[in-house]
Amino acid sequence: DAGMDIWGGENLELSFRIWMCGGTLVISPCSHVGHIFRKRSPYKWSDEVNVVRKNSVRLAEVWLDEYKKYYYQRINNNLGNYGDITSRKLLREKLQCKSFKWYVTEIYPELSLPEDTKT
C-alpha cells in the first residue's frame, strides 16, 4: 500500500492480501530471519501523525470488513486521517479477494473474538 508511511502494518497487509486474494505463502521451517536495529531512525517522524495507527487504520478499512470494529474499539475509535483508500478497495475488488470472515474461518479459526467470549 503506497499510502502507508515509513513502517507499521505493511506486514499484515501483505499477508492478508496473499491469503485472501489467492496468492501463495510458503512457510520454510528451516529459515531464520534477523533484524538489525539502527542507533537512530533514518526516518523523519511527524509529531502530528501516529504513523503506525494511520497505517493500521488503512489496513482495517481495506481488509478487515465488519471485524474492523474490534480494532477501532481498542483505539477508542480514534481513526485520525488515514488518507484515500479508494485504489486499495478497487484492487481488492479487481483481485476478487475473499472476505475477512473467510480468513478467520479458514486460515485463523483459533482466533478468539470478543463476540465469541463467554462471560
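Each reported figure results from applying straightforward, stated rules to the coordinates on display, with no laboratory input. What you see is a predicted model; the values in this text were computed from it and never measured. As a convention, Cβ positions derive from the backbone with ideal geometry for all residues, glycine included, and neighbour counts pool all protein chains shown.
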Problem - Cysteines in the chain lacking a second Cys C-beta under 4.7 Å - result: 30
Practice task
Show which aspartates and glutamates lie in cross-link reach of residue 68 when reach means a straight Cα distance below 14 angstrom and same-chain residues fewer than eight apart are skipped.
Solution key: 13, 115
Problem - Cleavage-rule hits, chymotrypsin sites (Phe, Trp or Tyr not before Pro), the range 16-51, DSSP coil, Cβ neighbours within 10 Å at most 12 - result: 37, 43, 45
Problem - Virtual spin-label span in nm between residue 73 and residue 53, 7 Å along Cα→Cβ - result: 1.9
Practice task
Could you work out the equivalent-ellipsoid semi-axes for the range 17-87, taking the square root of 5 times each eigenvalue of the Cα gyration tensor, largest first, in whole Å?
Solution key: 26, 23, 12
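How much net charge surrounds residue 87 when only other residues with a Cβ under 13 Å from its Cβ are counted (Lys, Arg +1; Asp, Glu -1)? Present the calculation step by step, with values, prior to reporting the outcome.
Working: positive: 58, 88, 89, 92, 94; negative: 1, 61, 84, 93.
After counting each charged neighbour, the total is +1.
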Exercise for the section: Using 0.36 nm per residue of separation minus the Cα-Cα distance, give me the extension gain between residue 39 and residue 108 in nm, one decimal. Expected result: 21.2 nm
Fill in the blank from the handout: Rg (one decimal) and Dmax (whole number) from the Cα set of the range 55-119, in Å, equal 13.2, 41
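Please tell me which of these pairs span more than 27 angstrom C-alpha to C-alpha: 54/89; 69/94; 44/98?
Working: 54/89 16 Å; 69/94 25 Å; 44/98 36 Å.
Cα-Cα > 27 Å for 44/98; rest within.
Highest first, please rank the peptides 106-113, 80-87 by the mean number of other Cβ atoms sitting within 10 Å of their residues. All intermediate terms of the calculation are to be shown ahead of the outcome.
On the way: 106-113: 9.5, 80-87: 12.9.
Order by mean packing, descending: 80-87, 106-113.
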Handout entry: the chain - Rg (one decimal) and Dmax (whole number), Cα, Å
Key = 16.1, 46
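Scan the range 14-119 for trypsin sites (Lys or Arg not before Pro) in coil per DSSP, keeping those whose Cβ has at most 12 other Cβ atoms within 10 Å, and list them by number.
Working: sites: 17, 38, 39, 40, 44, 53, 54, 58, 68, 69, 74, 88, 89, 92, 94, 98, 101, 118; in loops: 38, 39, 40, 44, 98, 118.
Filter output for the range 14-119: 38, 39, 40, 44, 118.
So what is the calculated 222 nm ellipticity per residue for the chain, using -39500 (n - 2.57) for each DSSP H run with n of 4 or more, over all residues, to the nearest 500 deg cm²/dmol?
Numbers: 4 runs with 40 residues, N = 119.
Taking each H run of at least 4 residues, the total per residue is -10000 deg cm²/dmol.
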